[in-house]
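J.: Got a structure for you, written out below as structure tokens; questions coming shortly.
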Amino acid sequence: MASFLRRGLIAGLVAGLAAGVFYMLAGEPVVQQAVGFESAAPGAHAMEVFSRGTQRLGLLAGVGLYGTAMGGVFGFLYALLEARLAAGSAWDRSLRLAASAFASAWLVPFLKYPSNPPGVGDPSTGPERTRLYLAMVALSIGASAGAWLLARHLAGRGVPRAPRQLLVGAGYLLVVFAAYTLLPEVQQDVTVPAAVLWDARKVSAGGQALLWLLLGVSFGWLSLWAERGLQRPRRVRADG
């Protein structure tokens with residue numbers, strides 16, 4: 001377990017720092033535009049507590065820590081599920097798990113409650129938006145776990161692959177669409193142009209996709225490297 005956690009933390013740190021650099025390069029211009037529109041809005045009295053340079057460093061450090069934390073969780077889950085993941089190399093299993101985690105823990109909730117740049121949303125509704133977003137994350141992860149368990153159960157019952165996948169996929173989509181319908185929307189005041197809002201959300205999605213891709217790639221590569229290290233002494237003993 002400890003080796004999986006170490007791999008996850010290292011892979012998460014690499015992925016988090018890379019995503020942080022991406023956000024600084026691609027996201028900062030968009031955020032700067034949004035801040036400008038927010039400041040120009042009637043009645044706006046924005047006060048900058050930290051300079052933009054300090055905020056950029058904070059962004060890089062924050063995303064790096066977030067990636068490291070997600071990497072630790074990823075390594076723990078991989079250690080628990082390795083024997084139950086589909087057949088293939090450690091590289092294949094790592095990429096599959098990263099893709100599933102990205103979809104269930106971020107993409108599905110994002111489609112319901114997308115992130116917003118400055119100038120979008122009433123600050124007083126922040127706690128409500130946070131609660132609803134976390135509820136959507138929990139429902140999405142629960143739906144993914146339920147779909148996986150159902151697929152394993154049907155496979156154990158001898159259900160053929162095609163109808164099994166159709167049944168599991170339909171059940172998963174039903175749960176997700178039900179969550180989309182039942183969870184309420186939050187009224188948000190928008191003071192930025194639609195193009196800036198769309199660009200900010202594209203950058204947010206791109207950074208998360210990059211983070212989870214690099215997490216899966218880095219963890220998979222470290223796992224292959226660890227496996228080769230374990231196999232090398234065995235070969236030496238066999239040759240000797």
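The values are calculated or read from the model by the stated rules, or taken from the named source; none is laboratory data. Worth saying up front: this structure is predicted, and the values here are computed from it rather than measured. Please note: Cβ atoms are built from the backbone with ideal geometry, for glycine as well, and neighbour counts cover all protein chains shown. Each accessible area value is taken on the protein alone, full model and side chains, heavy atoms only, with ligands, DNA and RNA left out. Shrake-Rupley method; radii C 1.70, N 1.55, O 1.52, S 1.80 Å.
J.: Roll a 1.4 Å probe over the protein chains and send me the accessible area per residue for the chain in Å².
T.: Per residue, the chain has an accessible area of 58 Å².
J.: Another question, if that's okay. Is the chain best put as rounded, prolate or oblate by its Cα gyration tensor, with a ≥ b ≥ c the root eigenvalues, rounded for a/c under 1.5, and otherwise prolate when a/b is larger than b/c, oblate when not? Kindly include the intermediate steps, with their values, before the conclusion.
T.: Working: a/c = 3.11, a/b = 1.47, b/c = 2.12.
Cα axes put the chain in the oblate bin.
J.: Using the charge dipole of the chain (Lys, Arg: +1 at Cβ; Asp, Glu: -1 at Cβ; taken about the Cα centre), state which of Tyr113, Gln188, Ser144 has its Cα farthest towards the positive end.
T.: So the residue furthest toward the plus end is Ser144.
J.: Something else now. Averaging sequence separations of C-alpha pairs under 8 Å and six or more residues apart, then dividing by the length of the chain, give the relative contact order as a whole percent.
T.: Relative contact order for the chain comes out at 37 percent.
J.: Share of the chain's accessible area from carbon and sulfur, percent, 1.4 Å?
T.: 69 percent
J.: For Leu167, what charge total do you get from the other residues with a beta carbon under 12 Å from its beta carbon, if Lys and Arg give +1 and Asp and Glu give -1?
T.: Taking every Cβ under 12 Å from that of Leu167, the sum is +3.
J.: Compute the angle between helix 28-40 and the longest alpha-carbon principal axis of the chain, please, reported from 0 to 90 degrees and rounded to the nearest 10.
T.: Relative to the chain, helix 28-40 is tipped by roughly 30 degrees.
J.: While we're here: Please report the net charge: other residues with Cβ closer than 13 Å to the Cβ of Leu85, K and R +1, D and E -1.
T.: On the way: positive: Arg84, Arg93, Arg96, Arg152; negative: Glu82, Asp92.
Around Leu85, the surrounding residues sum to +2.
J.: Give me the net charge for the shell around Gly75: Cβ to Cβ below 13 angstrom, other residues only, Lys and Arg +1, Asp and Glu -1.
T.: Once all neighbours under 13 Å are counted, the net charge is +2.
J.: Then there is this: Given the C-alpha centroids of the range 60-74 and the range 131-191, what is the distance between them in whole angstrom?
T.: Result: 25 Å between the Cα centres.
J.: Taking the 0 to 90 degree range and rounding to the nearest ten, how far is the long axis of helix 194-239 tilted relative to the main principal axis of the chain, both from C-alpha atoms?
T.: 20 degrees
J.: Right, another one. Using Cα pairs under 8 angstrom and six or more residues apart, how large is the relative contact order of the range 106-232, in percent? Intermediate results must be reported in sequence, preceding the final value.
T.: Working: 61 pairs, mean separation 50.9, N = 127.
Relative contact order, the range 106-232: 40 percent.
J.: Follow-up question, since we're still on this one. What would the Debye equation give as log₁₀ I(q)/I(0) for the range 80-208 at q = 0.11, 0.20 Å⁻¹, counting only Cα atoms as equal point scatterers?
T.: So the normalised log intensities work out to -0.51, -1.19.
J.: Then there's this: Would you mind checking the tilt of helix 2-22 against the longest principal axis of the Cα atoms of the chain, expressed as 0 to 90 degrees and rounded to 10?
T.: 30 degrees
J.: Where the only charges are on Cβ atoms (+1 Lys, Arg; -1 Asp, Glu), what is the dipole of the chain about its Cα centre, to the nearest 20 debye?
T.: It comes to approximately 1400 debye.
J.: Mind putting a number on the dipole of the range 92-142 about its Cα centre? Charges go on the C-beta only, +1 for Lys and Arg and -1 for Asp and Glu, and I need it in Debye to the nearest 20. Write out the running numbers ahead of the final one.
T.: Working: 5 positive and 3 negative charges, 31 e Å.
Dipole about the Cα centre, nearest 20: 140 debye.
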